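The values are calculated or read from the model by the stated rules, or taken from the named source; none is laboratory data. Since we're looking at a predicted model, the values are computed, not measured. Here the Cβ positions follow ideal geometry from the backbone for every residue, glycine too, while neighbour counts run over all protein chains shown. In case anyone asks, the SASA skips ligands and DNA or RNA and just uses the protein heavy atoms, side chains included. Shrake-Rupley method; radii C 1.70, N 1.55, O 1.52, S 1.80 Å.
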Amino acid sequence: MTGIQIYDEQELVHIAFDDICKYHGAKEMAAVGVAYRMAEAAFEALYGMNVPERQELAIQAGQDCAGFRDAFEFITRAETRGKYFVDPDYPAARFDPYTRSSYAFIFSRATGEEVEVSLKKDFLPAAFYELAKKDRDCLRTQEEVQAFETLKKDLCLRALELPLDEVVEVR
C-alpha cells in the first residue's frame, strides 16, 4: 500500500493510513481501514491514474459511523466543505440485521460523475454485528468489549491486506 494522493488546491498531499489513525484515534479501526480502501477504489474508478482534487469531491454516506466519517474527512475534507451527506435510508449494502445502516458510499465529482462503493457482503462476520448490537445497547461484558476491540483491529488489518476487490464492490 503506497498511500493516497490528492490535490488540495495546487498542493499534492500524500496520505498514509497511519496519518488517518493519528487523526481518528483507535476506536473504530475496522471502519477506518475499510474507508481507506473505499477511497482508493472510488478514486481509481473516478480518476483512473490521475490524482483527484479535494475541492471537486462530495460523498453521500449510508451511515454516520465516526470511523468512516473521519477517514473520508481527512482524505477529502468533504464534511468541512459541506459536501458530506448522510442518508440513513440509502437502500444498498444493508448487512447489519439490527440496524438500517448501509455500508455503501457514493463518491461524486463536480462534473457529475459518481461511483457507489460498498463493503462486500461477507467481509464482516456475524460476530461483528452481534458485538456491535451489544455495544450500542450497553449490554456488553468486559470480555465482549475486549473481543470487539480485537475484532475491529483484526478487520482493519484484513481490509488493508486483502486485494481491493475482496473488500469492496464498485458500481
Treating cross-link reach as a plain straight distance, find the lysines whose alpha-carbon is under 20 Å from the alpha-carbon of K153, omitting any fewer than eight places away in the same chain. K22, K27, K120, K121, K133, K134
Derived scalar couplings ³J(HN,Hα) [segment 132-145; Karplus, 6.51 cos²θ - 1.76 cosθ + 1.60; whole Hz; x for Gly, Pro]: 5, 5, 4, 5, 4, 7, 6, 10, 9, 8, 4, 5, 5, 4
Quick check for you: which residues of segment 105-124 have the amide N under 15 Å from the point 7 Å beyond the Cα of E169 toward its beta carbon? 105-106, 116-124
On the accessible surface of the chain, probed at 1.4 Å with all protein chains in place, carbon and sulfur together account for a percent value of 50
Find the relative contact order for segment 20-171 and round it to a whole percent, using C-alpha pairs within less than 8 Å whose residues are 6+ positions apart. 30
